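Contents: one structure, followed by commentary.
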Amino acid sequence: MDLKIFRRIANSPVLDKIALAIVIVLLLFITTVLFGQIKTLEVSAEEVSNSLMIDKEINTLFSQYDLMESAEFRSVILKDSTFEESYIDRKLESDQTLKKLHGLVKDMPHQSAKLDTITQLKDSLHITLTALHGKIRPSQADSTAMIYVEKAAALLKSLRGIKANMLQHNDEILRQSLGTYRGLTFLTPLTTLILALFSILVFTVAYFRLRRHKDQIQSSEALLQNIVQSTDNIMNYYEPIRDSNDTVVDFRIAFANICNRDYLNLEPEEIVGRPISEVYPFVLKNNELGRMIDCYRNDDTIDFERQVTVEGEAFWFHTFVRAMDNGLLEVMRNKTDEYNAKQDLMKVNEQLEVQNSIMSEAKKMAKIGSYTWDMEKDTATISDNFYNILDCEPGEFEPSFKTYRNYVHPDDIEQYDAYGKWFQKTQKPREHTYRVITKKGNIKFLRTKGQFVEREGKKVMIGVVQDVTVQISYENDLKIKNRELERSNEELESFNRVASHDLQEPLRKIQMFISRFEEKEKDTLSEKGTEYFDKITEVAARMQSLIRNLLAYSRIGSKVKEVENTDLNEVLQKVQEDYAERIKEVGATISIKKLPEVQGVFFQLEQLFGNLVSNALKYRNPKITPKVEVKSEKVPYKEIPTKFIKPAKEYYKITVSDNGIGFDGNNANTIFEVFQRLHAKNKYSGNGIGLAICKKIVENHQGFIHATSELGKGSSFIIYLPV
Amino acid sequence: MSTNPSNGGSQILNVALADDDEDDRLFFQEAIDDISIRTKLSLFNNGQELMDYLSLPKVILPNLVFLDLNMPIKNGMQCLKEIRANSSLNHVCIAIYSTSCSEKDIEDTFINGANIYLNKPNNFGKLRESIEKVLQINWQYHTSNLNRDNFLLRL
């Protein structure tokens with residue numbers, strides 16, 4: 001931690017500046033000190049030489065004085081006349097030396113004072129010596145001369161005293177100067193050395209720091225390069241192009257990364273140096289170029305969405321433009337996928353909204369509400385339509401087990417509570433129907449089903465309720481209707497019994513008596529009586545046939561119960577056997593092609609084809625041999641022109657055709673209705689039930705029957721039965 | 001109950017008819033009288049009378065019982081069930097003699113052990129013919145080959 005802070009401080013540019021200032025100050029300081037030291041050394045050297053000069057001059061002066069005295073003495077003793085000249089020379093020399101000394105010691109008050117004393121003493125000596133010289137001349141070597149000699153000696157002695165003093169003083173100064181000088185001669189090279197070493201140190205540190213900075217810059221440049229080349233975004237740098245008025249009008253591409261190729265099919269090397277309005281024509285749309293120029297001028301940053309079409313494919317880019325270093329940096333991020341995903345999401349959202357509204361409409365239509373019930377907290381949310389079902393405004397009450405319980409019909413409360421407990425215990429979905437009394441006092445039946453789901457870590461029950469009042473009332477109606485139907489079926493059953501037994505019974509007895517009467521009493525009847533009797537027999541027979549057919553019709557019922565694979569070839573075989581006698585009687589030829597196997601009830605199909613064959617024989621053309629043909633083919637339901645409900649994909653089309661008298665095509669539908677007859681009763685036997693039975697049988701077999709005919713040209717009955 | 005002595009002969013067939021209709025009983029009587037087979041016919045007005053007779057001690061059981069289905073007090077179906085439930089009446093053959101020609105009745109009586117089903121005809125000649133045919137059947141043989149196909153007597 002500390003190390004980090006330290007490193008950060010060490011790397012901070014502020015520290016660099018401070019260090020540089022300190023180094024400069026230190027260098028200046030050391031240099032100044034060195035300069036001062038050298039100056040001092042110079043002064044001190046001068047002082048030493050001065051002292052030595054003074055020493056020398058003092059010695060010279062006093063030796064001159066000595067020489068002057070000795071010269072005087074010699075002249076006195078030797079009566080040398082040359083004295084005069086040498087003495088004056090000496091005196092002049094000594095004066096010069098003294099003058100020199102004065103110049104040398106003018107800064108030294110002590111020595112100057114001494115020199116003043118010397119000057120006085122010298123003058124005195126001079127006077128004394130001059131006086132002495134005058135005495136000698138008259139050759140009066142007397143006592144007065146001696147006085148002067150003594151006086152000169154005394155003066156010289158004083159001078160010597162001063163000389164010693166001066167020399168001693170000068171010695172002291174010299175010693176002092178020498179001390180200073182020696183100290184300086186040691187310090188100055190040392191300071192120079194320090195200066196040199198410090199300079200080397202500073203240079204070395206500076207070199208390494210610069211070197212490191214350079215490395216850092218290089219590596220960060222490499223990093224930047226890497227980023228620019230490996231980014232998913234287009235990164236370009238533009239330089240402004242100016243017109244003659246120095247106004248920016250366009251930009252020149254100075255740098256373009258590889259993504260230009262990836263997204264826009266533009267080679268970066270080829271586009272560099274060209275104007276963007278030429279390379280990227282899309283910048284001319286939506287005033288993009290204008291905005292970029294403004295951005296550059298205002299030293300700004302802008303971003304916008306842009307759509308680019310490359311080879312017919314639309315791309316979306318989020319573009320980010322920033323003024324930088326007298327140019328523009330542009331970064332284009334490919335947002336196509338995001339954009340498409342957003343579009344998809346919006347589409348899905350739209351669909352969801354539509355579905356939601358459909359759902360809510362459907363809920364209203366179906367009278368369905370939904371709820372979410374947190375059992376632990378006993379709080380619930382219920383859908384708006386649930387409130388509507390309860391005749392409440394949405395959110396009118398705070399739903400919970402308790403508040404909702406108030407709406408439950410008192411008679412169903414116990415059941416409702418039990419249901420709640422059961423649910424809490426087993427946590428299994430179960431349907432439950434109960435009544436509620438709505439706010440308006442209407443009683444409604446609600447059917448509910450819920451289940452447990454994990455939501456935010458706890459179990460909640462979610463479910464739906466449906467207002468089934470109408471269904472329940474329908475169900476009740478249906479139950480009542482069913483009961484009525486059952487009753488009417490029972491009535492029909494008893495009617496059947498009546499018809500089959502009670503109605504037939506007296507008729508049968510009539511016929512029995514007829515047969516008894518015929519056997520025993522007919523011979524006694526008159527002609528008219530016989531005629532009437534025959535009529536009675538005939539009518540009774542017709543009535544019996546009628547009753548039987550009615551019974552047969554009603555017995556077919558509306559449901560085919562036990563269907564089984566029935567071979568129609570066998571059915572037709574049976575029919576031929578049943579009608580063998582009749583066929584023989586009318587001399588008919590019956591041709592039956594290969595017939596299929598169908599799902600059906602054998603005796604009903606037997607009755608169906610029996611009736612049709614019987615009809616064909618009955619309504620024959622007496623002039624020609626009756627022919628009946630039965631054939632079959634398989635047809636897809638689409639090719640059946642007649643309209644009926646076609647649950648099967650394929651049907652057998654079975655045609656029973658004859659060459660009989662036929663009927664008017666307009667009656668093709670009515671012939672299948674009960675009691676519809678096309679002919680007078682006495683012309684053809686029959687009671688108008690046969691074809692009705694046929695129709696009912698075919699319909700029971702999920703089929704369809706219709707007839708085509710023309711008067712005199714035979715008729716065809718076409719039956720469709722599902723494969 | 002009324003019994004009629006039939007034509008004398010070595011093998012007299014004991015026949016009983018339970019029918020509530022007087023005319024039918026009369027027709028039946030006349031028809032059986034016309035037939036050459038020697039029979040002893042007992043007539044009963046309803047099922048109850050028949051059952052009472054059959055449960056009499058030391059009764060001579062009829063070989064063949066003709067049962068009408070629709071009768072007051074006790075109908076033919078009840079009689080059929082009771083007779084078939086009684087092991088002492090094992091050897092009694094039962095012919096259903098009814099106006100009804102409904103499949104349901106035919107099916108039910110067959111299942112409950114009737115031997116033959118005879119529709120009441122509307123012609124005396126046919127009646128005579130039918131009765132004769134029924135009486136001529138070797139019942140022991142017939143019962144062993146009891147099946148649905150020849151259950152309904154067709155003429």
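Nothing in this text is a laboratory measurement; each read-out follows from the coordinates by a stated rule. Here the structure is a predicted model, which means the values were calculated and not measured. Here the Cβ positions follow ideal geometry from the backbone for every residue, glycine too, while neighbour counts run over all protein chains shown.
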Exercise. Do any trypsin sites (Lys or Arg not before Pro) in the stretch A:352-457 lie in a loop, going by DSSP, with at most 14 other beta-carbon atoms within 10 Å of their beta carbon, and if so which?
Worked result: A:LYS377, A:ARG430, A:LYS439, A:LYS440
Exercise. Where nothing but the Cβ of Lys and Arg (+1) and of Asp and Glu (-1) is charged, how large is the charge dipole of the stretch A:289-347 around its Cα centre, in debye to the nearest 20?
Worked result: 140
Exercise. For the cross-link pairs A:LYS509/A:LYS535; A:LYS367/A:LYS481; A:LYS520/B:LYS120; A:LYS363/A:LYS638; A:LYS643/A:LYS696; B:LYS40/B:LYS133, which exceed 28 Å when the distance is taken from alpha carbon to alpha carbon?
Worked result: A:LYS363/A:LYS638
Problem set entry | Label-point separation in nm, A:LEU27 to A:ILE77, each point 7 Å along Cα→Cβ | 7.5
For this session: Could you run the Karplus curve 6.51 cos²θ - 1.76 cosθ + 1.60 with θ = phi - 60° over the stretch A:212-217 and give me ³J(HN,Hα) per residue in whole Hz, x for Gly and Pro?
Result: 5, 4, 5, 4, 4, 4
For this session: Distance from a point 7 Å along Cα→Cβ of A:LYS100 to each backbone N in the stretch A:56-77: keep the residues under 17 Å and list them by number.
Result: A:56-68
For this session: With a point put 7 Å past each Cα toward its Cβ, work out how far A:GLU42 is from A:ASP534 in nm, to one decimal.
Result: 18.7
Exercise. Nearest 0.05, what FRET efficiency do A:GLU570 and A:ASN442 give at R0 = 56 Å with Cβ-Cβ as r?
Worked result: 0.35
Seminar exercise, completed: With label points set 7 Å from each Cα along the Cα-to-Cβ direction at A:THR180 and A:THR130, the distance between them in nm comes to 4.1
Exercise. For A:LEU52 and A:ILE147, FRET efficiency with R0 = 25 Å and r from the beta-carbon atoms, rounded to 0.05?
Worked result: 0.05
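Find out how many positive minus negative residues lie around A:ILE58, taking Lys and Arg as positive, Asp and Glu as negative, among other residues whose Cβ is under 12 Å from that of A:ILE58.
Numbers: positive: A:LYS56, A:LYS100, A:LYS114, A:ARG160, A:LYS163; negative: A:ASP55, A:GLU57, A:ASP171.
Neighbour charge sum, excluding A:ILE58 itself: +2.
What length, rounded to one decimal in nm, is gained on full extension from A:VAL498 through to A:LYS458, with 0.36 nm per residue of separation minus their alpha-carbon distance? Intermediate values should be presented prior to the final figure.
Working: separation 40, 0.36 × 40 = 14.40 nm, distance 7.01 nm.
Stretched out fully, the A:VAL498 to A:LYS458 stretch lengthens by 7.4 nm.
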Seminar exercise, completed: Relative contact order of the stretch B:9-151 (C-alpha contacts under 8 Å, at least 6 apart) in percent is 23
Exercise. Going toward the positive end of the dipole of the protein assembly as shown, with +1 on Lys and Arg Cβ and -1 on Asp and Glu Cβ, which of A:PHE62, A:VAL248, A:GLY420 do you reach last?
Worked result: A:GLY420
Seminar exercise, completed: Counting as exposed only GluC sites (Glu not before Pro) in DSSP loop states with no more than 14 other Cβ atoms inside 10 Å, the longest exposed-site-free span of chain A is A:1-310
For this session: Identify the trypsin sites (Lys or Arg not before Pro) of the stretch A:24-128 meeting these criteria: DSSP loop state and at most 14 other C-beta atoms within 10 Å of the C-beta.
Result: A:LYS79, A:LYS106
For this session: Step through the residues of the stretch A:709-722 one at a time and calculate ³J(HN,Hα) from phi using the Karplus curve (6.51 cos²θ - 1.76 cosθ + 1.60, θ = phi - 60°), rounding each to whole Hz and writing x for Gly and Pro.
Result: 6, 9, 4, x, 10, x, 9, 10, 9, 10, 10, 10, 10, x
For this session: About the Cα centre of the stretch B:9-151, how large is the charge dipole given +1 on each Lys and Arg Cβ and -1 on each Asp and Glu Cβ? Please answer in debye to the nearest 20.
Result: 560
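Looking only at the protein assembly as shown, where both bridge partners belong to it, what percent of the DSSP beta bridges are antiparallel (to the nearest 5)?
Of all bridge pairs located within the protein assembly as shown, approximately 80 percent are antiparallel.
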Exercise. From the backbone phi of the stretch A:505-515, what are the Karplus-calculated ³J(HN,Hα) couplings (6.51 cos²θ - 1.76 cosθ + 1.60, θ = phi - 60°) in whole Hz, Gly and Pro given as x?
Worked result: 4, x, 4, 4, 5, 4, 5, 4, 5, 4, 5
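Fewest Cβ neighbours within 10 Å first, please rank A:VAL723, A:VAL698, A:VAL498 accordingly. Intermediate values should be presented prior to the final figure.
Numbers: A:VAL723 15, A:VAL698 24, A:VAL498 12.
Listing A:VAL723, A:VAL698, A:VAL498 from fewest to most nearby Cβ atoms yields A:VAL498, A:VAL723, A:VAL698.
Which ordering of A:VAL272, A:VAL601 is given by a fewest-first count of other beta-carbon atoms within 10 Å? Please list the in-between numbers first.
Details: A:VAL272 16, A:VAL601 19.
Listing A:VAL272, A:VAL601 from fewest to most nearby Cβ atoms yields A:VAL272, A:VAL601.
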Problem set entry | the stretch A:271-419, dipole about Cα centre (Lys/Arg Cβ +1, Asp/Glu Cβ -1), debye to the nearest 20 | 700
Exercise. At a Förster radius of 56 Å, what calculated FRET efficiency corresponds to the Cβ-Cβ distance of A:LYS425 and A:GLU486, to the nearest 0.05?
Worked result: 0.85
Seminar exercise, completed: Listed with the fewest Cβ neighbours within 10 Å leading, B:VAL92, A:VAL571 appear as B:VAL92, A:VAL571
